[in-house]
Amino acid sequence: MTRMLIFTGKGGVGKTSVAAAHARNSSNEGKKTLIVSTDMAHSLNDIFDLRIGKTIQKVSDNLYALEIDPSYVMEEDFADMKQALIKVIESSGIPIGNIGELSIFPGMDELFSLLKLKEIYASGEYDRIIVDCAPTGETLALLKFPELLAWYMEKFFPIGKVAMKILAPISKTVFKIQLPDSDAMTDIERLYRKLIELQEFLKDRKTTSIRIVTMPEKMVVEETKRNFMYMNLYDYHVDGIYINRILPKDMDNPFFIDWIAIQNQYIEELEAVFDGMPIYKIPWFDTDLNGLSGVDRIEQNVLKGRDVFSIQEELVSQCFEKVENGYNLLLKLPFIEKGEVILHESGTDIILKIGNFKRCIPKPNSLRNYAVTGAQLSDGILTVNFTEGGIRE
Ligand SMILES: Nc1ncnc2c1ncn2[C@@H]1O[C@H](COP(=O)(O)OP(=O)(O)OP(=O)(O)O)[C@@H](O)[C@H]1O
Ligand SMILES: [Mg+2]
């Protein structure tokens, strides 16, 4: 089975370098490896000193690279899907025929990058796929996107003819939206199924891991904690953290001695909050890592000889457990305060809002007759209580 690692982190922390080091490590082990960049900044070109084009290119033995270009992917690989999306959008009353450019809609580039990733994965061509992402904000948009879109589609375009008939007369007057005709509806169903598959693919703990790259300094550590919390919120499987640019200990210049002390403080904090997770420490090298020889320094110093591709199955961020008078949903949400979480029930979904992020957790069928009767946040774990026929507190 193909193994996939997705690297994320704040801008400039070393995501591309660390991802490339994994790609080298993997291909050195004789595994057929593809490194994919979803970042429009195209930084793989510089490292591998290649003109990595719009299609997959061989870099060295067992190593291949691709910089995904969403517009190209949309035209070349998913033209049908693009047409279907345009039809769906037009049938809801927005004429985009003469623009014909789907990229102007937020999230479309991300969607097509992910679809491409899934297609490559499904081909089974590679033993390992290493994904180098754009900085955190964009990556989060990328990862929460399929879920959000699927949710909106379900709300606005309920699947199934019965729902259609009931909703059609009301929808125009109450919701001021026009439901698509049945032809477009078939496309919507297909699209919807694709989105669900995409989510399952990205969250499949048996194959996919998210790895966070960070540095031992205040702002980066803060963002790393937030990023990790959001990954848990969306139930992505984070199973490794990389602390990059650690200063050598043997310096006697007072300027550096102070900095080493500061770094140590943040390294300790990271070790405490990511306790139980593999932590990789990467030294600050004496030059920039430009090019393969630089990337290989990370590979040699940090990765070589370690089992960097294994899955840490015990790191679970979300689960249901049976308790005396019902069920509890446990969600690991570290580093947040009580007031930051807004929780409510909407139909068959539990909706959690933290800042600008919103997660819809479908209630399992077996809990259909249960209602949320309480929630507690302690030690970074949110517990949501479900009681049969329960009345909300
Ligand atoms: N441990 C290190 N020692 C020395 N230089 C490093 C180290 N890690 C990264 N660099 C250098 O820092 C710069 C940024 O690294 P890189 O491009 O890997 O970061 P990134 O997180 O991918 O950035 P972006 O968010 O812009 O995509 C590069 O010039 C790289 O060579
Ligand atoms: Mg990068």
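Bear in mind these aren't lab numbers, they're just calculated from the coordinates by the rules spelled out. Bear in mind the structure is a predicted one, so any value in this text is a computation, not a measurement. We place every Cβ from the backbone using ideal geometry, glycine too, and count neighbours over all the protein chains shown.
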Of Lys87/Lys353; Lys203/Lys304; Lys54/Lys304; Lys10/Lys32; Lys206/Lys332, which sit over 24 Å apart, Cα to Cα?
-> Lys87/Lys353; Lys203/Lys304; Lys54/Lys304; Lys10/Lys32
Packing-ranked peptide list from 115-123, 248-256, 206-214, 77-85, highest mean Cβ count within 10 angstrom first, is 206-214, 115-123, 77-85, 248-256
How would you classify the stretch 318-388 from its alpha-carbon gyration tensor, with a ≥ b ≥ c the square roots of the eigenvalues: rounded for a/c under 1.5, else prolate if a/b is greater than b/c, otherwise oblate?
-> oblate
In the neighborhood of Leu382, defined by Cβ-to-Cβ distances under 15 Å, what is the net charge if each Lys or Arg adds +1 and each Asp or Glu adds -1?
-> -1
